[in-house]
1. For the stretch 149-172, what are the residues that are open to solvent by 50 Å² or more (accessible area, probe 1.4 Å), in contact with an Asp or Glu (Cβ under 7 Å, 6 or more places away or on another chain) and either at pLDDT 90 or above or among the small types (Gly, Ala, Ser) (or both)?
2. Which numbered condition in (1) open to solvent by 90 Å² or more (accessible area, probe 1.4 Å); (2) at pLDDT 75 or above; (3) not acidic (Asp, Glu) is the only one that residue 92 fails?
3. Among the listed residues 100, 43, 21, which satisfies the condition of being out of contact with any Gly (no Cβ under 6 Å at 6 or more places or on another chain), open to solvent by 90 Å² or more (accessible area, probe 1.4 Å) and modelled with pLDDT under 65?
4. Filter the stretch 205-230 down to the residues that are of a type outside the set (Ser, Thr, Tyr), open to solvent by 40 Å² or more (accessible area, probe 1.4 Å) and either in a strand (DSSP E or B) or touching a residue at least 40 places away in the same chain (Cβ under 8 Å) (or both) and list them by number.
5. Checking residue 11 against (1) open to solvent by 100 Å² or more (accessible area, probe 1.4 Å); (2) modelled with pLDDT under 80; (3) not aromatic (Phe, Trp, Tyr), which test does it fail?
6. Determine whether the stretch 183-204 contains at least one residue that is touching a Gly at 6+ places or on another chain (Cβ under 7 Å), part of a helix (DSSP H, G or I) and either at pLDDT 80 or above or surrounded by fewer than 17 Cβ atoms within 10 Å (Cβ to Cβ) (or both).
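The values are calculated or read from the model by the stated rules, or taken from the named source; none is laboratory data. Computed from a prediction, not measured in an experiment: that's the story for all the values here. Don't worry about glycine lacking a Cβ; one is built from the backbone with ideal geometry, like all the others, and counts go over all protein chains shown. The area values use the complete protein model at the heavy-atom level, side chains included, leaving out ligands, DNA and RNA. Shrake-Rupley method; radii C 1.70, N 1.55, O 1.52, S 1.80 Å.
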Amino acid sequence: MIDNNDLENLRNLRKLLEENVISEFEYNTRKKDILGLSNFENVEQGTNKLGELSRKKFWIRISVGVVVLFIISGIGMYMGYNYIHSHDKNELTKQDSQKVNKKKKESSKSSKSSKSSKSSKSSSSYKKNKFDTLGQKEQLAVLIYKVSNTDSPDEKVVYMGEPKKIVIEDLVGAGGGALNHSAMFVDNGSSFTTYEILSNAQSVAEQSKDNSYWVHTGTYGKEDLYNIYQQNRNDIDNIMGSINLAQSSKVFPYLPTNQFSVPDQNSNTNAEQNDDDYYERKSREKNADFTLEDGTHVHNDDQGNSYDDQGQVIGKGSPVKLQ
């Protein structure tokens, strides 16, 4: 190792060379001598430097190994996190898929149940309206059987000249004419309201439109009428053979179908009906049958309750006049 003395000798030697006291050759020779005095130290210093280099390389390798291990650990953690996250995501997706499938099954069951319910309702509705699918004579025969409860072979003349109204004249052998043997049926859509003719005449022979009127006798659902058809097919078939449709396009000529009370012979009926108190009186009259200005037929029970032809309550003891 070169110490301070060597450095001082070298400086002085260099100064002599610059002052031309010594030659270049002599300068180099002395320089080698000065440096040669420290060869042993230089070898030791070189060995130490080599040791230091080896130790540096060792620590460098250790550092590189640590860095590589850290990187590998980081990659492993990242891959592990992705695996766990992907597994959890797959589990969630699987659970969501199961929930969706469950909802689909429930929705399918609900849809089937709804369809079944609708089908049931539709079937029920169809059953109620089966009467309307019968032929014209079959329907007429059922109505006749319902009010007469017989399969009489006497001719039945049908009048259907007014909308939703059917009047059937049963030409039985007994006397009295049409007023004594006729019935009216009003089609309400899902039912029929039935009427028969009453009279204030002293005898059957004296009956006329001036002393006769229609009275409500009942309301029958079409489902019940269809059941009657199903249960009494032979009787219905017998009645069908006696139905005469020759007058079916005409209006019943013997009594207006909207006459539900005996016309007042002592005064002008129209004038009475124009009286403001007429409808109020009729609405309070027990068992009254009358027609409003718009053609609506109203009949009262023995308690004074008013009903229309569909059986809907209009009121009790209250004016029902339409303006």
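1. Residue satisfying the conditions is 164 alone.
2. Unmet for residue 92, out of (1) open to solvent by 90 Å² or more (accessible area, probe 1.4 Å); (2) at pLDDT 75 or above; (3) not acidic (Asp, Glu): (2).
3. Values: 100 fails: open to solvent by 90 Å² or more (accessible area, probe 1.4 Å); 21 fails: modelled with pLDDT under 65.
It is 43.
4. 209, 210, 216, 223
5. Of (1) open to solvent by 100 Å² or more (accessible area, probe 1.4 Å); (2) modelled with pLDDT under 80; (3) not aromatic (Phe, Trp, Tyr), only one is false for residue 11: (2).
6. yes
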